[in-house]
């Protein structure tokens, strides 16, 4: 080749090379996504550029370099995904990058990815759904997203790993959006009975309805109070259904009262089916279940968690039932009713009457409930029960002592001291309560003093302080703030005491308490302590919201 030919070839090579964008140019690399030869390399460079920028920004996706990257690439990424459905491998990589970008402008591609094909693009759909849980979806686009998700989850009818991954991600997106247009689909999943769907997905769907709080879900969620896994009848969704009904609020009241009266045919039929399912596995166990008692148990519990004063008379009527189980359950629910001052005497009288009418084995549970009424009117009853000799079931006296000690002020604790000193039952089995006498002498009925004690390291001190604030601190914002800090305590009893006290004293609701419960649900979801705490935390969150 002549020198001129070599120069021309070199110039041509330089021209070709110069056509390719710089490796660190996101806009240029995005421009290569339409080239099937360059697409894979371009995606690799885009992922690397984004990862570097995100690391340099210390994870701050609002940083200017991240915003610049999104501005320069989102349109080409969407086009690359929509125009090349045949390239499933690189399509998934595009979606993975969109997941990192969390840019709502990529929604057209994310919505398209939800139109999954079996054995081909399930991972596309899952990635798109996971991204939607992170993206701040504009209000005007939520309808399209909800419709696409509902269509996608309705198509899932298998039990493969891919099917379950899709179910989970789709259901969680619907919950995150908190859009009432998802109610019908979530209800169908929650009440679905099919061999292809694990009952855990029924529960997961009902959990999403808690956040949506749609009155249209009232009847299905009352049915869900009694719903169960046909293969394992012990697996229920009653706690989640209660939380959903409490979130719905006042519209759930009358239907629940009708259910309590036995006037809900669906609930009645479901309970009969439940008893029959139990019978197939254990005839003796089934024989001990009374359908009317079962209806009462769930409806009274939920009415108590709702807390509306309108349920007071029906619950008092239920507490007079011939059935001991119904009397006991109604009494427990009465404790949670948001009462007017003139209601306290009536509730105390009913609690004491039911206490006297039930078997001794049921009394410790009632004593614990009575303590959480935080009523001065019950202090003489606790003292009387503490003094009464009880050889058959000593725990009764122990629970009465604890109920009194956790609520007693300086004078009341002084009256308890001789009993503690002389009775070995208390001085030996409740010796850890000894510091409470000095504590009560120090703080008495002083809200500021008890609020300060919420920083103590002793779990019993924390529980005592929370109980005293519930008795004396109604409406005190500083006390509410201090109690909220204990919602994340490592000890479940401390959490529950703080939660119960905050519920009582936050008469106008509490955004801080609501936000803390939201945070714990996100951070601790699936962990044992949250699974136990949520039984009280979710209904409490709903009640706090209703007061705001």
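Quick note: the coordinates plus some simple rules give every number you see, no bench work behind them. What you see is a predicted model; the values in this text were computed from it and never measured. Heads up, the Cβs are rebuilt from the backbone with ideal geometry, glycines too, and the neighbour counts pull from every protein chain shown.
Convex hull over the alpha-carbon atoms of the range 52-161: what's its volume per residue in Å³? Intermediate values should be presented prior to the final figure.
Values: hull volume 12.2 nm³, N = 110.
Once divided by residue count, the hull of the range 52-161 is 111 Å³.
If you take the square roots of the eigenvalues of the alpha-carbon gyration tensor of the range 15-101 and sort them as a ≥ b ≥ c, do you get rounded (a/c under 1.5), prolate (a/b over b/c) or oblate?
Values: a/c = 2.07, a/b = 1.29, b/c = 1.60.
Oblate shape, in that a/c is at least 1.5 and b/c is the bigger or equal ratio.
What number in nm² do you get for the range 171-311 if you take the convex hull of its Cα atoms and divide its surface by four?
7.9 nm²
Explain nothing, just the number: relative contact order of the range 24-105, from Cα pairs under 8 Å at least 6 residues apart, as a whole percent. Kindly include the intermediate steps, with their values, before the conclusion.
Details: 62 pairs, mean separation 25.8, N = 82.
Rounded, it is 31 percent for the range 24-105.
When the convex hull of the Cα atoms of the chain is projected onto a plane and the area is averaged over all directions, what value comes out in nm²? If you can, show how the numbers build up before the last one.
Numbers: hull surface 129.7 nm².
Mean projected area of the Cα convex hull: 32.4 nm².
Counting other C-beta atoms within 10 Å, which of 451, 117 has the fewest, and how do the rest follow?
Numbers: 451 21, 117 11.
Ranking 451, 117 by Cβ neighbours within 10 Å, fewest first, gives 117, 451.
Roughly how far apart, in whole Å, are the Cα centres of the range 317-356 and the range 113-181?
46 Å
Could you sort the peptides 517-524, 25-32 by per-residue average Cβ neighbour count (10 Å cutoff), highest mean leading? Intermediate results must be reported in sequence, preceding the final value.
Details: 517-524: 15.1, 25-32: 19.0.
Packing order, densest peptide first, comes out as 25-32, 517-524.
Report relative contact order for the range 40-181 in percent, whole number only (criteria: Cα-Cα under 8 Å, sequence separation at least 6).
Working: 132 pairs, mean separation 26.7, N = 142.
Reported relative contact order: 19 percent.
Could you grab the relative contact order for the chain? Cα pairs under 8 Å, six or more apart, rounded to a whole percent. Each step should come with its number before you reach the end.
Details: 716 pairs, mean separation 34.9, N = 548.
Averaging sequence separation for qualifying contacts and normalising by length gives 6 percent for the chain.
Find the Cα radius of gyration of the range 144-244, compare it with 2.2 N^0.38 Å by division, and give the number to two decimals.
Working: Rg = 12.5 Å, N = 101, 2.2 N^0.38 = 12.7 Å.
Output field value: 0.98.
Between the alpha-carbon centers of the range 498-548 and the range 393-423, tell me the distance in whole angstrom.
After rounding, the separation between the Cα centres reads 30 Å.
How would you order 57-68, 470-481 from highest to lowest mean count of nearby Cβ atoms within 10 Å?
With the highest mean Cβ count within 10 Å placed first, the list reads 470-481, 57-68.
I'd like the FRET efficiency for residue 198 and residue 272, computed as 1/(1 + (r/R0)^6) with the beta carbon distance as r and R0 of 25 Å, rounded to 0.05.
On the way: r = 24 Å, r/R0 = 0.98.
My answer for the efficiency is 0.55.
On a full-extension model of 0.36 nm per residue, what is the gain between residue 376 and residue 120, subtracting their alpha-carbon distance, rounded to one decimal in nm?
Details: separation 256, 0.36 × 256 = 92.16 nm, distance 6.65 nm.
Value of the extension gain: 85.5 nm.
Compute the acute angle (0 to 90°) between the alpha-carbon long axis of helix 344-357 and the principal axis of greatest extent of the alpha-carbon atoms of the chain; round to the nearest 10°.
80 degrees
Between residue 445 and residue 508, what length in nm is gained on full extension when 0.36 nm per residue of separation is reduced by their alpha carbon distance?
Details: separation 63, 0.36 × 63 = 22.68 nm, distance 2.22 nm.
Extending this stretch completely gives an extra 20.5 nm.
P(r) tail for the range 282-348, what percent of Cα pairs lie past 14 Å? Can you show the working numbers first?
Details: 1227 of 2211 pairs.
Here the tail beyond 14 Å accounts for 55 percent of pairs.
What area, in nm² and to one decimal, does the C-alpha convex hull of the range 60-122 cast on average over all directions?
4.2 nm²
Computed from the mean reciprocal separation of all distinct C-alpha pairs, what Kirkwood hydrodynamic radius does the range 395-438 have, in Å?
On the way: mean 1/r = 0.0971 Å⁻¹.
For the range 395-438, inverting the mean 1/r across all distinct Cα pairs yields 10.3 Å.
Report the extension gain between residue 519 and residue 286 in nm, rounded to one decimal, defined as 0.36 nm multiplied by the number of residues separating them, less their alpha carbon distance. Please report the intermediate quantities before stating the final value.
Details: separation 233, 0.36 × 233 = 83.88 nm, distance 4.02 nm.
Value of the extension gain: 79.9 nm.
Rounded to the nearest 0.05, what FRET efficiency do residue 310 and residue 424 have when you use their Cβ-Cβ distance and R0 = 45 Å?
Numbers: r = 47 Å, r/R0 = 1.05.
Once rounded, the FRET efficiency stands at 0.40.
Hey, fewest Cβ within 10 Å first, where do 169, 299, 48 land in order? Show your work: numbers first, answer last.
Numbers: 169 22, 299 32, 48 13.
With the sparsest Cβ surroundings first, the list reads 48, 169, 299.
Would you calculate the separation in nanometres between label points at residue 232 and residue 527, each defined as 7 Å from the Cα along the Cα-to-beta-carbon direction?
2.3 nm
Roughly how many whole Å is it from the C-alpha centroid of the range 266-305 to that of the range 437-456?
Value for the Cα centre distance between the two parts: 45 Å.
Taking Cα atoms of the range 376-532, Rg/Rh with Kirkwood Rh, to two decimals? Intermediate results must be reported in sequence, preceding the final value.
Values: Rg = 16.5 Å, Rh = 16.4 Å.
Taking Rg over the Kirkwood Rh, I get 1.01.
For labels at residue 84 and residue 188 in the simple 7 Å Cα→Cβ model, what's the distance in nm?
Taking the simple label geometry, residue 84 and residue 188 are separated by 3.6 nm.
For the residues 344, 300, 127, what sequence is obtained by ranking on other C-beta atoms within 10 Å, fewest first?
Details: 344 16, 300 26, 127 22.
Arranged by neighbour count, lowest to highest, 344, 300, 127 become 344, 127, 300.
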